[in-house]
Amino acid sequence: MHKRLFTPGPTQVRAEILKELATPQIHHRTPEFSELYADIQSKLQQVLFTKNAVLLYTASSTGAMESAVTNLVAKRCLNLVNGAFSERWHEITVANNVPCDTFELPWDTAIKPEMVDEQLATGKYDAVTLVYNETSTGLMNPLESIAKVVAKYPDVFLLVDAVSGMAGAPIETDAWGIDFVLAGVQKAFALPAGLAVAAISDRAVERSKTVPSRSYYFNIPLMYKSHLKNQTPSTPSIPHMYALNAQLTDMLAEGMEKRFARHAKLASIVQAWAMKHFDIYPEEGYRSQTLTSVVNTKGIDVPTMINRLADEFNLRIANGYGDIKNKTFRIAHMGDVQIDEIEGLLKAIETVLGL
Ligand SMILES: *Cc1c(COP(=O)(O)O)cnc(C)c1O
């Protein structure tokens, strides 16, 4: 029996979208393919409020994170770290021998614009990495106000991991001046894992041509050259592209403002429930619109609860991440989830816990 996913990636995929994956294959060096690519392109630009190119990676999000730091740092990168995924981005930067430093905060604390300002004022950096929505903690960093600060430093590029935020919370790529913003499609896009998208500014493309190449598969100048022909340099996951195209059509039909409002409403329901019975992990004012990390204030047996939800109700939520496993558990409210579905989930948790 299928367990409906309320996990922060992968998320539940609608049956109609799964069917798109079975579209008969086309060859990737044909006009039909370029048409599909161009179609996806213009829709992604609407979702991301941008005129920038949106690159497609046949990889999970980690590939696009690696592409950003290997192609867009000419001098030194500042990795902002306040959770497991921002820590991973630092590890990726180090693993690729890209010069970098971290600015670290406790996992329940948001990065504030003035902290970024202080770091950039040293003049040491020409790029900064930020995770918009920390999926490990359900914390949303204030992207718009951080972007304003970064914009004061014309040589510093803002690289954003928006993996679990994109398509669930607003990202005004051009208005906020974001040079690179990436996401894997298995989170708020509600598609199967295996494809990532990233909007890249013109100046970032230009810089990538001057940075000594550190990568082949994730090489931005090569990807961009193909992009101009509505192509990818190597064979992409065409099934994913059909599914993404169909999902984008549905997302734009719902309307982005409405989609964001639905996510905000889902978040308010789950957060109110969490405050009534437990507590919420990140500091107030920075709680995520797409997932909630609930603090286990009652000392419940988290794995048992998760297993019973799966066995008795065919619903799956996630334990806490890393060090805060069992001390927290996570409920995702992103993608195509509807209000009645999240209410049903919360009821089921109450039944399992006897609340
Ligand atoms: C899921 C996630 C990742 C990693 O994604 P993969 O698709 O597993 O490579 C990175 N960053 C954030 C914020 C995530 O939520």
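Here, each number is a calculation from the coordinates, and none is a lab measurement. Predicted model, so just to flag it, every value in this text is computed and none were measured. Neighbour counts are summed over all protein chains in view; Cβ atoms, including those assigned to glycine, are modelled from backbone coordinates with ideal geometry.
Helix hunt in the chain: which complete DSSP H runs extend at least 20 Å axially by C-alpha with mean Kyte-Doolittle at least 0.5? Show your work: numbers first, answer last.
Numbers: long enough: 31-47 (24 Å, -0.50); 238-254 (24 Å, 0.25); 256-277 (32 Å, -0.35); 339-353 (21 Å, 0.79).
Span-like helices in the chain: 339-353.
Once the Cβ-Cβ distance of SER213 and GLU35 is raised to the sixth power relative to R0 = 30 Å, the FRET efficiency obtained is 0.45. Segment SER268..GLU343, full-extension length gain: 25.8 nm, with 0.36 nm per residue of separation and the alpha-carbon distance subtracted.
Within region 65-191, DSSP assigns beta bridges of which about 10% are antiparallel (rounded to the nearest 5). How would the chain be classified by its alpha-carbon gyration tensor: rounded, prolate or oblate, with rounded meaning a/c under 1.5 and the a/b versus b/c comparison settling the rest? Note, shape of the chain comes out oblate. Computed extension gain for LYS298 through THR235, at 0.36 nm per residue and net of the alpha carbon distance, reaches 17.7 nm.
Mean residue ellipticity at 222 nm, helices only, the chain: -13000 deg cm²/dmol; runs of at least 4 DSSP H residues each add -39,500 (n - 2.57), and the sum is divided by the number of residues. With a Cα cut-off of under 28 Å and a minimum spacing of 8 residues unless on different chains, the lysine pairs in region 203-355 number 18. Straight-line cross-link partners of LYS148 among the aspartates and glutamates, defined as a Cα under 16 Å from its Cα and at least 8 positions apart when in the same chain: GLU114, ASP117, GLU118, ASP126, GLU172, ASP174, ASP179.
Once the Cα gyration tensor of region 1-152 is diagonalised, what are the square roots of 5 times its eigenvalues, in whole Å and ordered largest first, as equivalent ellipsoid semi-axes?
33, 21, 15
Relative protection proxy for 41-52, 338-349, 190-201, 126-137, from highest mean packing down: 126-137, 190-201, 41-52, 338-349 (other beta-carbon atoms within 10 angstrom). Starting from a Cα-only point model with no solvent, please compute log10 I(q)/I(0) by Debye for region 229-355 at q = 0.19 1/Å. Reported log10 I(q)/I(0), two decimals: -1.05.
Just need the relative contact order of the chain here, percent rounded to a whole number, with Cα pairs under 8 Å and 6+ apart.
On the way: 706 pairs, mean separation 88.9, N = 355.
Computed value for the chain: 25 percent relative contact order.
Bridge orientation summary for region 16-253: considering DSSP beta bridges with both residues in this region, about 40 percent are antiparallel.
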